[in-house]
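Read the structure below first, then the notes.
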Amino acid sequence: AQSVTQLGSHVSVSEGALVLLRCNYSSSVPPYLFWYVQYPNQGLQLLLKYTTGATLVKGINGFEAEFKKSETSFHLTKPSAHMSDAAEYFCAVSEDAGTALIFGKGTTLSVSS
Amino acid sequence: GAVVSQHPSRVICKSGTSVKIECRSLDFQATTMFWYRQFPKKSLMLMATSNEGSKATYEQGVEKDKFLINHASLTLSTLTVTSAHPEDSSFYICSALAGKETQYFGPGTRLLVL
């Protein structure tokens, strides 16, 4: 069975600082990995995804993530945080293309000025 | 980009009544849609997988007779919460599969059962 663990339910950074949100997964097959962002009372917006190929994936809003098979990780980073990045971030995994997503519990990112 | 809408965005109903939530893919066709439920400060939990023209596949613990799913066209799936109770109050989010790999999510529907 697949699972996702997001380390740190709450991450606080200063504006301009590095953002690092951690995600580890468990999967018996090569995973499809996703990061979504959710703003209050809204649905989820896809930030980026990894399916196959290049392990460093670039997404929207300056975010990127690196798939590390040996560490079973897919951490999300952004070099310089912006106030508008404050939101809930979800890491998700699926075992096959087009199948349901298994979500982590989410990480709340706070950005202070 | 792929856009998914949900209607209504918010609904308040009395206990015992039924509520229908619509999920539409606006600019693409989706043979598969998913329904998730999100509790406050919690992650999304898959309720069911909706396939166009066939019966939905429900996750363990989800009552299929209570949460009726219909996927009658390639752009519309509906979730009907029947005989709603206060414990059904939640944030319901749908997603639609665009192509083979990526789910695009609707904005969610906030249900409050009084």
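The values are calculated or read from the model by the stated rules, or taken from the named source; none is laboratory data. What you see is a predicted model, and the numbers here were worked out from it, not measured in a lab. Don't worry about glycine lacking a Cβ; one is built from the backbone with ideal geometry, like all the others, and counts go over all protein chains shown.
Looking at (1) over 26 Å from A:P40 (Cα atoms); (2) of a type outside the set (D, E, K, R); (3) touching a strand residue (DSSP E or B) at 6+ places or on another chain (Cβ under 9 Å); (4) within 14 Å of chain A (Cβ to nearest Cβ), can you tell me which one B:Q103 breaks?
For B:Q103, the failing item is (1).
If you go through region A:17-42, how many residues are surrounded by 12 or more Cβ atoms within 10 Å (Cβ to Cβ), in a loop (DSSP other than H, G, I, E, B) and away from every other protein chain (no Cβ under 14 Å)?
Number of matching residues: 3.
Working only within region B:1-52, note down all residues that are modelled with pLDDT of 90 or more, under 25 Å from A:L47 (Cα atoms) and over 16 Å from the mean Cα position of the chain (by Cα).
B:D27, B:F28, B:Q29
Please go through region B:16-56 and pick out each residue that is exposed (fewer than 13 other Cβ atoms within 10 Å of the Cβ) and among the hydroxyl-bearing types (S, T, Y). Spell out the reasoning first.
Residues of region B:16-56 that are exposed (fewer than 13 other Cβ atoms within 10 Å of the Cβ), as a first pass: B:16-18, B:26-27, B:29, B:39-41, B:53-55.
Within region B:16-56, B:T17, B:S18, B:S54 qualify.
Against the definition (outside any strand (DSSP E or B) and more than 10 Å from every other protein chain (Cβ to nearest Cβ)), how does B:A84 come out, yes or no?
yes
Of all the residues that make up region B:32-51, how many are touching a residue at least 24 places away in the same chain (Cβ under 8 Å) and either touching a Gly at 6+ places or on another chain (Cβ under 8 Å) or among the acidic types (D, E) (or both)?
Going through region B:32-51 one residue at a time, the tally reaches 2.
Given the residues A:K69, A:K58, A:K49, A:K78, which is the only one that is within 12 Å of chain B (Cβ to nearest Cβ) and charged (D, E, K, R)?
A:K49
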